[in-house]
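The values are calculated or read from the model by the stated rules, or taken from the named source; none is laboratory data. What you see is a predicted model, and the numbers here were worked out from it, not measured in a lab. Virtual Cβ from ideal backbone geometry, glycine too; neighbours counted across all protein chains shown. SASA here: full protein model, heavy atoms, side chains in, ligands and nucleic acids out. Shrake-Rupley method; radii C 1.70, N 1.55, O 1.52, S 1.80 Å.
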Amino acid sequence: MVARGMRFSALGVEFAIAALVAGVITLLAIAGVDKLGTIGFVMPLAAVVTTVLISRPLVAVGLLVGLVILAEGGTFGLFNFTGKLYEQAFKDVTILDLLVLLAVASVAVDVLRSGRAIWIPRPLALPLLTLMLAMMCGLVVARAAGVTLHFAFFAENILAYLLWIPIAVANLEISRKQITWLLGILTGLAIFKALLGVIVVLAHVGSSIEGSSTLSYYEPAANWLIMIALLAVAAIALMRFRAKPWIWLGTPLLLASLVLSYRRSFWIATVLGVMLLLILGSTVATRKALVPVALAIVASIWLMGSINVQSQAPVVKRLATLAPSKLEANAEDRYRLDERANVLGNIKEHPIEGLGIDVPWKAVVRPLPIEHEDGREYVHFAALWYWMKLGILGLWAYILIIGGAVVVSWQAWRASREPYLRAFALASLCGVLGLVVMDTTASFTGVDPRFTVLFAAQLGLLARLRRTAEDEPADDAGSLFSGVAARAAGGGTSTSSVLRFGSSARG
């Protein structure tokens, strides 16, 4: 009876505390509405949610990545209200900035609370350190050029995503089994996004392309997610692993959405990724067949650009523009060539320090046929963007980041034994190599906010996967992917290469 009374007493105390907290929040919401309007009602609720998320790092990071995947920008034909996630909420700060800050802070609090040492994967240590130094140089040069330090600082917010998100995700305390479940959820989200993309095209409610059709996704984030999912499915098929039927049923949707995006750079990157998959994961006989296949693809593209194709299909028209002879005829492609020539001219005048953050380039070499909003602060070539904004140190940082991404993907692939983890790592490796080609036609890495969040989280997850592959013994547990026990796949392991800060126990 005493124990029961104590239990009821404890429940009564918890109920009283909850009621008190609810009452305080209600009063704050009423006062907020009276003083600030609608935002005053939201602020107390946001404070409660923030308090909960700051103690749940995996939930905070998952919320960030999930919202970035689901919430499209203004170019998407459905759910246009989701684009407000990327608009400025308070002065120069966006809601996405706040979500990134919350996710990174949540992991930092968890690391401090548990007494773990902050872990930075060695393949990413030098690239991220170089990026940090380049960002500082970009601020100094921008300030010398007359840009207000406040504006220059907030103009580097997307580069900050690339700097801190990989470290945060790499320091999450998650097991290999949890990573497998996360990859299953991400695959499901990729198929769902592909379905929405196809619906947009069929309903003709998205952005138009070639004057006669609608594209699925113009922004790179969804296309990157779908491309990695396609490459992972191809890796699973190549390795002859069994997967859940819903993965195979969703594959045509993934392919259709990517094709109907009409993003030529993603087409090329996907083809390149598949060829690399065949090289890395197939037999010698299959590899020998790659040379004639590659030559056939190049010849087909050349023929499409050289022959007067009668088909009016938008896909055929878009393929035809891949031929070099078609570049000058397209106004946007011609603009990109003129833009690149002018940016190179500006870089020649400032080869070491660059122009600085938030400093526009000038048309010093060629006049531009058209002008784009904020076009003078952008260039369709990522390496040149880093060089222009952050100087020669920025160019070096970009090269190191791509190199570090290749290394960490390779290590995760070679160290993992579960088939689906190996497939994700191999798909990431081939995808990053395809990204090198994509970044020569547009600037994605560290420039586009949604793409940068996904890419940075992917790097952190690969690093975490690399570490858990060494820390945990392989097992035959099932997953979201497999209907039967997955057989362990081959792959070498080696001693983890990490940098540690502090002397506490291993994290």
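Considering the range 230-255, the residues that are in a helix (DSSP H, G or I) and among the small types (G, A, S) include one that is farthest from the chain's Cα centre (by Cα), namely A237.
Conditions (1) at pLDDT below 90; (2) in contact with a Cys (Cβ under 9 Å, 6 or more places away or on another chain), marked per residue:
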residue	(1), (2)
A232	no, no
A237	yes, no
R242	yes, no
R264	yes, no
G273	yes, yes
L280	yes, yes
A285	yes, no
V291	yes, no
V298	yes, no
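Scan the range 332-343 and give yes if some residue there is modelled with pLDDT under 85 and outside any helix (DSSP H, G or I), otherwise no. No, the conditions are met nowhere in the range 332-343.
Taking the listed residues A415, A382, the one that is touching a residue at least 12 places away in the same chain (Cβ under 8 Å) and under 17 Å from the mean Cα position of the chain (by Cα) is A382, with no other qualifying.
So that you can scan it fast, the table gives a plain yes or no per residue for (1) among the polar types (S, T, N, Q); (2) crowded, with 19+ Cβ neighbours inside 10 Å; (3) on the phi > 0 side of the Ramachandran plot; (4) at pLDDT 95 or above:
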residue: I401; (1), (2), (3), (4): no, yes, no, yes
residue: A412; (1), (2), (3), (4): no, yes, no, no
residue: A442; (1), (2), (3), (4): no, yes, no, no
residue: G446; (1), (2), (3), (4): no, yes, yes, no
residue: G460; (1), (2), (3), (4): no, yes, no, yes
residue: A489; (1), (2), (3), (4): no, no, no, no
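Residue count for the range 370-388, restricted to those that are closer than 19 Å to E156 by Cβ and among the small types (G, A, S): 2. For the range 248-259, filtering for residues that are under 15 Å from L186 (Cα atoms) and surrounded by 22 or more Cβ atoms within 10 Å (Cβ to Cβ) leaves 1. When every residue of the range 204-219 is checked against the conditions, none turns out to be assigned to a helix (DSSP H, G or I) and within 25 Å of T270 (Cβ to Cβ).
Considering V93, V111, V147, the condition of being at pLDDT 90 or above and of a type in the set (A, V, I, L, M, F, W, C) is satisfied by V111 alone. Considering the range 230-241, and only residues there that are in contact (Cβ under 8 Å) with a residue 12 or more places away in the chain and out of contact with any Lys or Arg (no Cβ under 9 Å at 6 or more places or on another chain), the residue that is surrounded by the most Cβ atoms within 10 Å (Cβ to Cβ) turns out to be A232. Looking only at residues that are more than 19 Å from A134 (Cβ to Cβ) and within 27 Å of the chain's Cα centre (by Cα) in the range 361-379, which one is surrounded by the most Cβ atoms within 10 Å (Cβ to Cβ)? Applying the filter and picking the extreme gives R376.
Taken over the range 171-222, the criterion of being in contact with a strand residue (DSSP E or B) (Cβ under 6 Å, 6 or more places away or on another chain) and of a type outside the set (S, T, N, Q) is satisfied by V201, H204, G206, L215.
Contact map, the range 71-95: residues that are closer than 16 Å to H150 by Cβ paired with residues that are outside any loop (DSSP other than H, G, I, E, B) and at pLDDT below 80, Cβ distance under 9 Å, separation 6+ or inter-chain. Pairs shown: T94/L85; T94/Q88.
One residue stands out in the range 171-203 among those that are open to solvent by 30 Å² or more (accessible area, probe 1.4 Å) and in a loop (DSSP other than H, G, I, E, B): the one that is farthest from R116 (Cα to Cα), namely S175.
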